[in-house]
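Beneath this line is the structure, given in structure tokens, with notes to follow.
The values are calculated or read from the model by the stated rules, or taken from the named source; none is laboratory data. Fair warning: this is a prediction, and the values are worked out from it, not measured in the lab. Ideal geometry is used to build each Cβ from the backbone, glycine not excepted, and the neighbour counts take in all protein chains shown.
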Amino acid sequence: MTPSPSDARATEPRIGRAGSALAAAPERLVLVGVSLSLAAGIAVTASLHHWWTVLPLALGIAVVAWRPLAPAPSTTIAEARGAAVAVIGTAAWTLLGFALAAEYLLVVRDPGFLTLSGLWLVDHASTDIPAAGAVEAAAAGAQSLPDASEAWNLRGDVIQPQGAKMLPATIAIGGWVAGDTGVLAANVVVGAIGILAVYAAARRFLGPYAALAPAGALALTVSHIGLSRPAYTEPLTLVLVIAGLLWAWRGIEQRSLALLAAGGLASGATMLVRIDGTAFAIGACAGVLAAVVLAGPAGGWRARAAAAFVLPQALLVGVGYVSLQVWSREYIDRLGERSTALNLAYVALALVTVLIGLATASAAGERLVARLRSAMGGRAAVGVGTAVAALLTVLASRPLWTVARRGTESDGDTFANGVVESFQAAQGLPIDATRTYAESTMSWLAYYLTWPLVVLAVVGFGIAAVRALRGSGGWAIALGAVLAPSLLYLVRPSIIPDQIWAIRRFEPATLPGFLLAAALGGWALAALASRERTRAVLRAVTGAAMVGLPLTTWIAVTPDQPTPVSSAVNVTTREMIGARDMIQDLCALSPGRPIVLVGTSELYGGLRVMCDVPVVLALSTQSAENLAGMAAAWDESPLVLTRGEDSVPWTGEAGIVVDASVRHSSYTLGGIPRSYYERDYRWRAGVVDADGRVEPLGVR
């Protein structure tokens, strides 16, 4: 018979209060991280984002939650040592991440406007950016805009950056500590908290040393590294998803309404991070519903537990929705159909969870629950577990028998088709612009985890389903929190399918969930061995494989290619290095003047935020009359920035005043990016004179 982790711990040397505090450190740090992000998200929603509001609020949240959410006191050296390894290893990971943090200040994809929003929030209460006369100035130009498509949206007399606001508000905290560098590096800290959250969750079913395997595997995946160094929203969503899972799991096991409420708050706060946050709230809610029914005690506790989780979760989902309506209205209008469907599904599930909790509190409800438990606890549980594993296996097999394609009619499909076609042409692939590659979503996971870990995870999910149906409330919550959003995006990822962009869909719940499931599967298979020594060897091999296999994805050996050995660029390269110096040099050309940016939109936000002056984006050549009209609207001669020689009427020869190079990661279909390119930016600049012509600035 295999000894349980609690039996093994009982025979180990005891530790004192300091050791117990060390053992609790991973979960305590997760609480601090969640408290800071909650405080920042709530403050920015209320247009009160200042250090003197966010930090005291975060402290208050942490203090209120400190005792109710306290982990059980640890008593063994192994628990303290395992936690110490997790914390020290994560600290080292963080320091390396700081050194390679991205300078994602050009808006070519989401981290651009998210980083710039964070920089703006260092010194402002909300993300609304005053147009400051740009609307009137743009009206005087030809094809000129006071905003930039999608990422920067004009609403009244302010510019609203796209997207939910919790992540920019959170990384702005780094700016209060270390200026612009702190903002650029802050998401690395968020990624580190995610690693500790996975460790704390893994300790629920593994020993303190074994839990290092899934946490270490997450830390070493190219996806988690590559999404944590720029300001992607997914690592923060991961923190909230796994923290919510952890606290709700503990709440069910410990019969703690406070822990369930904390789980509801964390999972509901995903709506403050992403417009599709309710996908993750739905999963957590479904898991709690199953746990309450299958593992809850008799009586009114089920109703109280359901309400304790759902009400705080619904409150935060509502706050997140209001935040989007107020601070990113055009964004939510643009994606309203998809968001509304998820929100309606969430509202329905939340009501069902509360109603079932109430219904099962009655005598008739208790009899129904007893019959359900009896029916599901035997062979039926094995059947459901087998079905779960079979479903994931079928999803993995899809490339063998289907090709997923999108339509060609809507504007969104037309744009996506054009992007996919450009990637196919660049890689020499057959041109099929309507392909979504959605049949390969399980393969996307294998790019980063490798197939052995994916296979172990499939086994683990089957085992988890059996345990959940046999009364393990924790595994019911884990399955809901992980599998519900995972299945949604495995079937319909709804994303441009290049890497690492596409793996974003699976970073918050699927990748950490698959690693937790792989650990469960590996340890369960090891337990089948008849001898303890053999079981110990198999567990050690599984742990080493979990940590080692993601490392194998860092390097690719392709003897038939010009570069036979290549590395994962998102691990080894500092993305967009050079962007900060370029924008700072442009801001220094003529500080304080409004800017007319001619010909390119990717620097619009960087100039508006980092130079802190109004900007007009001119999409076509501007005449002297146009520029004179802009100067009159601003009542000031603007600075003109352009990369074209003939885009404005110069008064003389316009030389290059800023010559910069910025490193961009490549975009790859069918694998991890392993190359980058240096993009040159050669800027000409001048000041508009009284006649509307542009007087060139001297070449530096």
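Key figures for this structure:
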quantity: Test: residue in the range 447-463 that is in the same structural domain as His224 (by TED's automatic domain parsing), surrounded by fewer than 19 Cβ atoms within 10 Å (Cβ to Cβ), over 30 Å from Trp247 (Cβ atoms) and touching a Leu at 6+ places or on another chain (Cβ under 8 Å); calculated: yes
quantity: Scope the range 348-364; condition touching a residue at least 12 places away in the same chain (Cβ under 8 Å) and either part of a helix (DSSP H, G or I) or not assigned by TED's automatic domain parsing to the domain that holds Tyr489 (or both); matching residues; calculated: Leu349, Ala350, Val352, Thr353, Val354, Ile356, Gly357, Leu358
quantity: Counted residues, the range 626-659 - those being part of a strand (DSSP E or B), surrounded by fewer than 18 Cβ atoms within 10 Å (Cβ to Cβ) and touching a residue at least 40 places away in the same chain (Cβ under 8 Å); calculated: 1
quantity: In the range 505-535, the residues that are farther than 25 Å from Gly548 by Cβ and part of a helix (DSSP H, G or I); calculated: Arg505
quantity: Which numbered condition Gly385 misses (of (1) within 15 Å of Asp498 (Cβ to Cβ); (2) among the small types (Gly, Ala, Ser); (3) more than 24 Å from the chain's Cα centre (by Cα)); calculated: (1)
quantity: Members of the range 410-436 found to be at pLDDT 85 or above and not in a helix (DSSP H, G or I), listed by number; calculated: Gly428, Leu429, Pro430, Ile431, Asp432, Ala433, Thr434, Arg435, Thr436
quantity: Glu150 being of a type outside the set (Lys, Arg) and over 24 Å from the mean Cα position of the chain (by Cα); calculated: no
quantity: Residue satisfying all of: in the range 533-579; surrounded by fewer than 12 Cβ atoms within 10 Å (Cβ to Cβ) and among the charged types (D, E, K, R); nearest to Gly671 (Cα to Cα) among these; calculated: Asp560
quantity: Conditions (1) more than 30 Å from Thr573 (Cβ to Cβ); (2) touching a Cys at 6+ places or on another chain (Cβ under 9 Å); number of the one not met by Leu607; calculated: (1)
quantity: Residue under evaluation Tyr604, criteria (1) crowded, with 21+ Cβ neighbours inside 10 Å; (2) out of contact with any Leu (no Cβ under 7 Å at 6 or more places or on another chain), criterion not met; calculated: (2)
quantity: Residues satisfying the stated conditions in the range 41-66, i.e. crowded, with 22+ Cβ neighbours inside 10 Å and assigned to a helix (DSSP H, G or I); calculated: Gly41, Ile42, Ala43, Val44, Thr45, Val54, Ala58
quantity: The listed residue being closer than 28 Å to Tyr667 by Cα and either modelled with pLDDT under 90 or part of a helix (DSSP H, G or I) (or both), out of Gly385, Gly407; calculated: Gly407
quantity: Where Leu154 falls short, out of the listed (1) under 24 Å from Leu95 (Cα atoms); (2) not assigned by TED's automatic domain parsing to the domain that holds Glu507; calculated: (1)
quantity: Conditions (1) assigned by TED's automatic domain parsing to the domain that holds Val239; (2) in a loop (DSSP other than H, G, I, E, B); number of the one not met by Val108; calculated: (1)
quantity: Any hit, the range 405-426, residues being in contact with a helix residue (DSSP H, G or I) (Cβ under 7 Å, 6 or more places away or on another chain) and surrounded by 14 or more Cβ atoms within 10 Å (Cβ to Cβ); calculated: yes
quantity: Those residues of the range 583-623 which are part of a loop (DSSP other than H, G, I, E, B) and among the polar types (S, T, N, Q), in sequence order; calculated: Ser590, Thr600, Ser601, Ser620, Thr621, Gln622, Ser623
quantity: Condition met for Ala303 (assigned to a helix (DSSP H, G or I), surrounded by fewer than 23 Cβ atoms within 10 Å (Cβ to Cβ), assigned by TED's automatic domain parsing to the domain that holds Leu342 and touching a Ser or Thr at 6+ places or on another chain (Cβ under 9 Å)); calculated: yes
quantity: Flag for Ala91 being in contact with a Pro (Cβ under 7 Å, 6 or more places away or on another chain), assigned to a helix (DSSP H, G or I) and either under 30 Å from Ile159 (Cβ atoms) or not aromatic (Phe, Trp, Tyr) (or both); calculated: no
